[in-house]
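Notes follow once the structure below has been shown.
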Amino acid sequence: MRTGQCSSPTRQGPAVQEPSAPLRELADRQLIHEVVLTYCRGVDRLDLDLVRSAYHPDGVDHHTGFSGPVDAYIAWVEPLLRAFDGTQHIIGNHSVELLGDHAVAETYGTAVHWGSPADDARLNFTSGFRYVDHLTRRDGRWAIVERFAVREWTRSDAGLRIAPEADGPRPGRDGSDPLQDLTRRVREAARS
């Protein structure tokens with residue numbers, strides 16, 4: 001007997017879902033999570049086209065100090081991001097309520113920001129945040145329609161950074177990051 005079927009014709013059990021429905025739900029949840037990760041990677045690598053790709057063209061963003069359409073958001077955030085030597089978004093809890101081709105997602109995270117001089121609190125801080133997103137699937141693609149970047153807390157990290165203890169891979173925000181270099185090399189090898 002298949003899961004969800006009744007053993008007796010007189011007893012009602014849970015409805016049987018098509019096997020594809022649970023898989024579609026898992027796929028949708030994963031695709032929505034990828035939208036969030038794409039946004040974070042774009043910010044951390046200073047790849048503003050990647051940031052923009054997380055939104056539908058009519059998307060709206062609400063950040064501390066900004067509220068408006070995605071293209072205006074990109075124009076606003078770019079000089080702010082360029083002021084930092086780097087950022088790192090660390091994603092934690094992620095929940096999604098699927099409503100057909102609409103979804104509401106809540107994502108908890110921590111964003112680390114560092115810059116020079118190292119003792120400047122405006123360039124060296126960590127924030128706890130939540131992304132509260134309305135996403136839609138259009139033409140098979142999930143993207144953000146409206147985002148609320150809720151800042152839960154911020155702490156100064158001024159004067160706390162130390163230099164790396166030895167040579168090794170370092171981040172890049174200009175296309176030279178180890179991920180970007182490795183991806184280019186693997187793609188070239190795969191085409192050969």
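Computed values, structure above
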item: Residue in segment 17-26 that is surrounded by 17 or more Cβ atoms within 10 Å (Cβ to Cβ) and within 20 Å of residue 134 (Cβ to Cβ) present; result: no
item: Subset of segment 180-192 [free of Cβ contacts under 8 Å to residues at least 24 places away in the same chain and either open to solvent by 90 Å² or more (accessible area, probe 1.4 Å) or closer than 17 Å to residue 50 by Cβ (or both)]; result: 181, 182, 183, 184, 185, 187, 188, 191, 192
item: Residue list for segment 54-75, filter: within 23 Å of residue 172 (Cα to Cα) and surrounded by fewer than 16 Cβ atoms within 10 Å (Cβ to Cβ); result: 75
item: Qualifying residue in segment 156-174 (condition: within 29 Å of residue 107 (Cβ to Cβ), of a type in the set (Val, Ile, Thr) and out of contact with any Ser or Thr (no Cβ under 6 Å at 6 or more places or on another chain)); result: no
item: Any hit, segment 140-147, residues being under 27 Å from residue 62 (Cβ atoms), outside any strand (DSSP E or B) and modelled with pLDDT of 95 or more; result: yes
item: Enumeration of residues in segment 135-153 that are more than 13 Å from the chain's Cα centre (by Cα) and of a type outside the set (Ser, Thr, Tyr); result: 137, 138, 139, 140, 141, 145, 146, 150, 151, 152, 153
item: Search result, residues across segment 141-165 that are out of contact with any strand residue (DSSP E or B) (no Cβ under 8 Å at 6 or more places or on another chain) and open to solvent by 60 Å² or more (accessible area, probe 1.4 Å); result: 141, 160, 162, 163, 164, 165
item: Test result for residue 36, open to solvent by 10 Å² or more (accessible area, probe 1.4 Å), in contact (Cβ under 8 Å) with a residue 12 or more places away in the chain and more than 16 Å from residue 175 (Cα to Cα); result: no
item: Residues of segment 39-53 satisfying the condition of being open to solvent by less than 10 Å² (accessible area, probe 1.4 Å) and among the charged types (D, E, K, R); result: none
item: Selection count where residues are more than 15 Å from residue 36 (Cβ to Cβ) and crowded, with 18+ Cβ neighbours inside 10 Å, scope segment 88-113; result: 1
item: Residue list for segment 135-154, restricted to those being acidic (Asp, Glu) and touching a residue at least 40 places away in the same chain (Cβ under 8 Å); result: 146
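The values are calculated or read from the model by the stated rules, or taken from the named source; none is laboratory data. Remember, predicted model here, so these are calculated numbers, not experimental data. Every residue, glycine as well, gets a Cβ built from its backbone with ideal geometry; the counts of neighbours run over all protein chains shown. Side chains included, ligands, DNA and RNA excluded: accessible areas come from the protein's heavy atoms. Shrake-Rupley method; radii C 1.70, N 1.55, O 1.52, S 1.80 Å.
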